Every structure is written in structure tokens, then in C-alpha cells.
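> One structure follows; several queries about it will come next.
The values are calculated or read from the model by the stated rules, or taken from the named source; none is laboratory data. From a predicted model like this one, the values you see are computed outputs, not experimental measurements. Methodologically, a virtual Cβ is constructed for each residue, glycine included, from the backbone with ideal geometry; neighbour enumeration extends over all protein chains shown.
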Amino acid sequence: MSAYRSDIDTLDGLIKSKGDSWNAINPEYAARMRAQNRFQTGLDIARYTAKIMRDDMARYDRDTSQYTQSLGCWHGFIGQQKMISIKKHFNSTDRRYLYLSGWMIAALRSEFGPLPDQSMHEKTSVPGLIEELYTFLRQADAREMGGLFRDLDAVREAGDTVKQDEIQAKIDNFQTHVVPIIADIDAGFGNEEATYLLAKKMIEAGACAIQIENQVSDEKQCGHQDGKVTVPHEDFLAKIRAVRYAFLELGVEDGVIVARTDSLGAGLTKQIAVTAEPGDLGDQYNSFLDCEELEASQLNNGDVVLNRNGKLLRPKRLPSNLFQFRKGTGEDRVVLDCITSLQNGADLLWIETEKPHVGQIAGMVNRIRQVVPDAKLVYNNSPSFNWTLNFRQQVFDAWAEAGKDVSAYDRANLMSVEYDTSELAVAADEKIQAFQADAAREAGIFHHLITLPTYHTAALSTDNLAKEYFGAEGMLGYVKNVQRKEIREGIACVKHQNMAGSDMGDDHKEYFAGEAALKAGGKDNTMNQFG
């Protein structure tokens with residue numbers, strides 16, 4: 001027996017046990033509402049989606065072509081529409097997640113107004129957005145199932161048993177829009193206790209995967225900007241442990257921690273690590289500092305010095321009171337960061353790079369895998385990269401190294417539109433198209449995401465609409481380029497009343513009030529114009 005039929009029978013028995021006072025309650029209607037609200041709490045969602053991620057990670061270990069993907073979200077509606085579109089185009093949400101970007105929360109969701117990605121936004125907005133995203137995904141479930149229930153009623157009334165069985169099978173095998181969210185906790189918004197408290201809120205809202213970075217919390221910068229300052233490993237590991245304790249306390253035993261390192265582009269540290277003996281983790285961190293050797297007589301007031309192998313070393317300290325690392329040590333620091341994180345409770349890595357280059361990423365991952373063979377990455381396919389220019393330059397360099405004539409191209413000006421139809425541009429686009437599969441196979445990337453896609457798509461589409469609507473095309477600018485495309489491409493939002501829950505509300509009114517229900521979906525509803 002299907003879960004739906006089982007629920008009807010169970011509820012029928014319950015209703016009958018209450019005597020005449022519950023006679024007006026229809027057990028099938030109650031079962032429908034139960035089916036439309038499968039997930040009762042955020043913790044239900046976190047446990048469900050954590051298992052999905054763990055299964056996907058194991059599948060990727062067996063076959064690197066089975067990598068996963070997501071797009072960043074800054075509003076519940078955006079996340080909902082992504083998953084509705086994925087189900088429409090691919091008939092499955094398999095290996096497709098959502099990403100919650102701290103950058104987009106700062107830029108679009110803060111009460112202070114638009115902010116840079118520096119952890120200045122309200123930290124409560126992070127779990128708030130997780131809850132919002134899942135509210136919209138659950139509503140997508142309820143809306144789609146509501147349509148199936150209305151179809152079921154129609155074919156029953158028509159006596160079409162074949163269609164009835166088909167629709168019942170769709171109900172019984174319904175695939176939820178609820179998918180894993182990888183949620184950005186920045187650098188933890190404070191000390192490890194602050195990180196633990198915020199992680200709990202995020203998990204309670206539904207997060208099964210939390211991404212945390214090794215920057216100093218109160219000096220945090222966007223991963224693709226200058227001025228990044230990292231913390232000693234023990235400080236970062238304390239925050240990783242804080243997140244793990246939060247997962248375990250709330251019973252999300254499969255919770256996923258993504259440890260991000262910004263060391264490749266971070267040349268500064270605020271602290272000299274504590275070290276007890278040569279070669280320990282603190283000593284390894286300090287070994288990357290840019291130091292000068294000196295005699296005791298050369299010490300100045302307030303100098304900080306290190307004793308290494310009997311030599312006095314003075315780390316170079318900037319006017320900002322920060323210490324700098326030696327140039328060229330970034331990759332070595334990344335490798336140490338990643339190995340240390342994986343050995344101390346992290347599940348996945350995130351290496352922030354300055355360009356999308358499979359060879360560069362693979363070089364670091366291969367070193368990490370010498371120590372942790374199953375190391376896997378989440379990678380930011382960032383809009384901060386100029387993908388066109390980067391890959392055209394990569395092709396140019398590869399051709400030049402292979403001895404191919406590249407005299408027709410100006411490497412410094414490869415972004416020029418004059419090259420858009422050139423052989424080099426076509427080859428570069430092919431490399432961009434293959435980037436995710438290549439990086440999954442060669443560089444250990446389990447999950448590819450774009451952090452800020454809808455920030456850019458919203459700006460582009462709004463610019464086009466404003467240009468057309470306020471220009472010569474007037475209303476045709478909207479009709480031709482928005483509404484007509486929605487109709488032709490089957491975008492559900494063309495029926496915006498339905499998308500906002502009007503039909504579900506009508507269903508409930510009928511459940512509650514029967515024939516006396518005042519419903520919005522009658523013959524005068526203009527949404528009927530869309531069929």
C-alpha cells in the first residue's frame with residue numbers, strides 16, 4: 001500500500017475514533033495536507049539532505065563524472081524557481097543543490113543596505129535565509145502535489161481508472177524540491193562559541209552543510225579581494241570542532257563541514273601561532289612568516305622575535321600590526337591548511353583561487369591526496385573571474401607552447417569582440433564548457449557552484465526590460481521579451497497567482513468550508529487566460 005493510501009486509512013480510523021464531532025473532517029483531505037508538508041522541521045530537512053550529500057560523496061568517489069552542482073541564492077523565490085526549472089528540464093533534482101552565499105546576503109539582505117563581503121551584515125540573516133529557502137521549496141512541493149490531487153479528483157469524476165492509476169503513481173513517487181543547501185558561515189562571526197551558536201541556528205533552519213573559512217573573523221574579506229588575513233590552524237580547528245558539536249547536539253550525525261582556505265591569496269596573519277616544539281602545527285604556520293635574522297643587540301623596543309634553531313628571527317610587522325608571509329608560500333600554506341582540516345573533522349575542502357585553472361587546482365589537490373587520498377573539493381566557479389579572458393589566454397599560451405602560430409592574436413586584448421568568432425575563442429569556449437567535468441576528473445572537485453549568478457542575471461534582465469519598456473517598444477518590451485517567452489517556454493510563473501499559493505488556498509477553503517467556500521479561481525480569474 002502506498003504511503004498516501006496508508007495515511008488515508010490511518011486518519012480515517014483516527015477520525016472515526018473521535019465520534020460524531022469529527023464527522024466533517026475528510027481523511028483524504030487531511031492525508032493530502034500531510035503529504036504536502038512532508039518536512040515538519042528544519043532538522044528533518046537537515047537530516048534528510050545530509051544523507052543525500054553523503055551518498056553523493058560516496059558516488060563521486062566511485063565515479064568522478066558524478067560530480068554535483070549548485071547556484072547561489074539570495075531569496076527563497078530564486079531557490080524555488082531554480083529547483084522547479086531543474087525538475088522541468090531534467091525530471092530530477094539528482095546531484096543539484098543550492099548555495100547560500102554570504103556575499104549575496106551582505107549585498108542584498110542586510111538592514112544596513114548593500115555591504116561588501118566583510119561579515120558586517122546581521123548574522124541572524126544567514127539562518128533566516130536558510131529557513132526562507134526551505135519555506136519556498138516546501139511550497140513548491142505543496143503546489144505541485146496540489147495540482148496532482150486536483151487532477152486525481154477530475155479523472156475519478158470522469159471514471160478514467162487508467163489515468164487515475166497514472167496520477168496515483170506520480171503522487172506515490174513524488175520527488176521533493178527540497179535539496180541540500182551548502183550554507184556560508186563566513187569566518188564564524190566571532191570566536192568558536194559564536195560560531196557554535198550560529199551553526200546551531202543554521203542547522204535548525206535546515207542546513208546540512210556549513211562552509212567556514214580560515215580568515216580572521218573581524219578582518220574578513222571577500223575571497224577575491226585583497227587584504228585577506230588568516231588565523232593559525234588551531235584557531236580554525238576550534239571552529240571546525242564547534243560546528244561538528246552543533247551538528248551532533250542536534251542529531252544531524254551526517255552533517256557536512258566544508259573547510260575553506262583563503263591562504264593562496266592571503267599574505268597576512270594577525271597572530272603568531274603558539275608552538276611547543278619544533279615541527280608542530282604552530283611552528284609550521286610560523287615557518288611561512290617573512291622574517292629577518294638579527295642579533296640580540298639589534299632588538300628594538302616592542303619587537304616580536306622567534307627562536308628557530310638557535311637563531312633570532314624578527315617577523316616583519318606592518319603598520320597595521322599585521323605580520324606578512326613570505327611571497328610564494330601560498331600553495332604550500334593551502335596544502336597544509338587542507339590536510340590539517342581534513343585530519344581534524346572537515347569533510348570537504350574549498351580552495352579559493354585567483355583564476356579557474358584545472359592544472360593549478362590539480363597541482364594542490366594531488367599534494368593533499370598524498371596524505372588524504374579521498375580529499376574532495378567544493379569549488380567556486382566565481383563571477384569574479386573573467387572567464388572569457390582567462391580561458392582565451394590559457395588557449396593562447398597552450399598554442400604558443402605547442403609552436404602554433406598565434407601572431408593573429410593580441411594576448412593582452414583577447415577580450416575584444418573582434419575575437420569572438422575566432423578559432424581561439426571557439427577553443428576557449430569548449431574549455432569553459434568542459435571545465436566542470438575536467439576539474440571533477442583531474443582536480444578532485446566534487447561540487448561546482450556559482451556564488452552570485454542571480455545577482456548578475458537580475459541586473460542584466462532588469463537592464464534589458466528598462467531599456468525596452470521605457471524606450472521605443474513600450475509595453476511590447478514586456479510582452480515580447482517577458483510574458484510571451486514565459487508562455488512559450490512553459491514558465492510556471494506566468495500564472496503568478498497560482499505560484500503565490502492562490503489555488504492551494506482555494507483547496508483549503510473547500511476542505512474547511514465545503515460548498516460555502518469563497519474561492520478565487522473562478523471564471524473571472526484572469527489567470528484563466530493562460531490556459
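Rundown of residues vs (1) surrounded by 21 or more Cβ atoms within 10 Å (Cβ to Cβ); (2) not assigned by TED's automatic domain parsing to the domain that holds residue 258, yes/no style:
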position: 369; (1), (2): no, no
position: 374; (1), (2): no, no
position: 383; (1), (2): no, no
position: 391; (1), (2): yes, no
position: 404; (1), (2): no, yes
position: 410; (1), (2): no, yes
position: 420; (1), (2): no, yes
position: 423; (1), (2): no, yes
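> Still on this structure, please answer the following. Would it be correct to say that residue 432 is out of contact with any Ser or Thr (no Cβ under 9 Å at 6 or more places or on another chain) and β-branched (Val, Ile, Thr)?
no
> Looking at residue 263, is it hydroxyl-bearing (Ser, Thr, Tyr) and modelled with pLDDT under 90?
Here the answer is no, as residue 263 does not meet what is asked.
> For residues in region 177-199 being in a loop (DSSP other than H, G, I, E, B) and either charged (D, E, K, R) or closer than 21 Å to residue 75 by Cβ (or both), which is modelled with the lowest pLDDT?
Checked region 177-199; the qualifying residue modelled with the lowest pLDDT is 186.
> A further question on this structure: What about residue 515, is it in a helix (DSSP H, G or I), surrounded by 13 or more Cβ atoms within 10 Å (Cβ to Cβ), of a type in the set (D, E, K, R) and free of Cβ contacts under 8 Å to residues at least 40 places away in the same chain?
So residue 515 does not fit the description; no.
Matching residues to (1) of a type in the set (D, E, K, R); (2) in contact with a strand residue (DSSP E or B) (Cβ under 8 Å, 6 or more places away or on another chain); (3) surrounded by 12 or more Cβ atoms within 10 Å (Cβ to Cβ); (4) in the same structural domain as residue 388 (by TED's automatic domain parsing):
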site: 448; (1), (2), (3), (4): no, yes, yes, yes
site: 453; (1), (2), (3), (4): no, yes, yes, yes
site: 466; (1), (2), (3), (4): no, no, no, no
site: 478; (1), (2), (3), (4): no, no, yes, no
site: 481; (1), (2), (3), (4): no, no, yes, no
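> Which one is nearest to residue 102 (Cα to Cα), of the residues in region 414-458 that are of a type in the set (A, V, I, L, M) and within 16 Å of the chain's Cα centre (by Cα)?
Here the answer is 452.
> Which of the residues belonging to region 143-189 are free of Cβ contacts under 8 Å to residues at least 60 places away in the same chain and either closer than 30 Å to residue 106 by Cα or polar (S, T, N, Q) (or both)?
161, 164, 173, 188
> So is residue 81 assigned to a helix (DSSP H, G or I) and not aliphatic (A, V, I, L, M) or not?
Spelling it out, residue 81 is indeed assigned to a helix (DSSP H, G or I) and not aliphatic (A, V, I, L, M).
> Still on this structure: Hey, residue 174 hits all of (1) over 29 Å from residue 145 (Cβ atoms); (2) part of a loop (DSSP other than H, G, I, E, B); (3) not acidic (Asp, Glu) but one; which does it fall short on?
Only one criterion in (1) over 29 Å from residue 145 (Cβ atoms); (2) part of a loop (DSSP other than H, G, I, E, B); (3) not acidic (Asp, Glu) is unmet by residue 174, namely (1).
> Does residue 56 satisfy the criteria of being over 19 Å from residue 98 (Cα atoms), in a helix (DSSP H, G or I) and assigned by TED's automatic domain parsing to the domain that holds residue 252?
For residue 56, the condition - over 19 Å from residue 98 (Cα atoms), in a helix (DSSP H, G or I) and assigned by TED's automatic domain parsing to the domain that holds residue 252 - is not met.
> When residue 98 is evaluated against the numbered criteria (1) modelled with pLDDT of 95 or more; (2) under 22 Å from residue 490 (Cα atoms), which criterion, by number, is the only one it fails?
Status for residue 98: all satisfied but (2).
> Pick out the one residue from 445, 432 that is modelled with pLDDT of 95 or more and touching a Leu at 6+ places or on another chain (Cβ under 9 Å).
Going through 445, 432 in turn, just one is modelled with pLDDT of 95 or more and touching a Leu at 6+ places or on another chain (Cβ under 9 Å): 445.
> Determine whether region 3-21 contains at least one residue that is touching a residue at least 24 places away in the same chain (Cβ under 8 Å), closer than 17 Å to residue 207 by Cβ and either crowded, with 18+ Cβ neighbours inside 10 Å or small (Gly, Ala, Ser) (or both).
No, region 3-21 has no match at all.
> Name the residue that is farthest from the chain's Cα centre (by Cα), counting only residues in region 395-413 that are under 22 Å from residue 359 (Cα atoms) and among the acidic types (Asp, Glu).
Taking the candidates together, the pick is 401.
> Give the residues of region 521-530 that are hydrophobic (A, V, I, L, M, F, W, C) and loosely packed, with under 15 Cβ neighbours inside 10 Å, sorted by residue number.
Scanning region 521-530 gives a single hit, 530.
> State all residues of region 150-202 that are out of contact with any Gly (no Cβ under 8 Å at 6 or more places or on another chain), buried (at least 17 other Cβ atoms within 10 Å of the Cβ) and on the phi > 0 side of the Ramachandran plot; if no residue qualifies, say none.
Listed by number, the residues that qualify are 188, 189.
> Right, another one. Scan region 246-258 and report the pairs whose first residue is assigned by TED's automatic domain parsing to the domain that holds residue 56 and more than 17 Å from residue 45 (Cβ to Cβ) and whose second residue is assigned to a loop (DSSP other than H, G, I, E, B) and of a type in the set (Asp, Glu), with Cβ atoms within less than 9 Å and a gap of 6+ or a chain change.
Between residues of region 246-258 that are assigned by TED's automatic domain parsing to the domain that holds residue 56 and more than 17 Å from residue 45 (Cβ to Cβ) and residues that are assigned to a loop (DSSP other than H, G, I, E, B) and of a type in the set (Asp, Glu), the close pairs are 257/347; 258/347.
> Looking for something β-branched (Val, Ile, Thr), touching a residue at least 24 places away in the same chain (Cβ under 8 Å) and in a helix (DSSP H, G or I) - is there at least one such residue anywhere in region 434-452?
no
> In region 57-78, how many residues are in contact (Cβ under 8 Å) with a residue 60 or more places away in the chain and closer than 24 Å to residue 376 by Cβ?
Here the count works out to 12.
> Right, next: Inside region 22-43, can you point out the residues that are assigned to a helix (DSSP H, G or I), under 30 Å from residue 200 (Cα atoms) and in contact (Cβ under 8 Å) with a residue 40 or more places away in the chain?
33, 35, 42, 43
> Shifting gears a bit: Taking the stated definitions as given, is residue 88 crowded, with 19+ Cβ neighbours inside 10 Å, part of a helix (DSSP H, G or I), out of contact with any Phe, Trp or Tyr (no Cβ under 9 Å at 6 or more places or on another chain) and of a type outside the set (Val, Ile, Thr)?
no
> Continuing with this model, one more query. Of all residues in region 263-312, which are assigned to a strand (DSSP E or B) and either of a type in the set (D, E, K, R) or surrounded by fewer than 17 Cβ atoms within 10 Å (Cβ to Cβ) (or both)?
Passing the criteria: 292, 293, 294, 306, 307, 308, 311.
> Evaluate the following for residue 24: is it of a type in the set (A, V, I, L, M, F, W, C), over 16 Å from residue 168 (Cβ atoms) and at pLDDT below 95?
Yes; evaluated as a whole, the condition is true for this residue.
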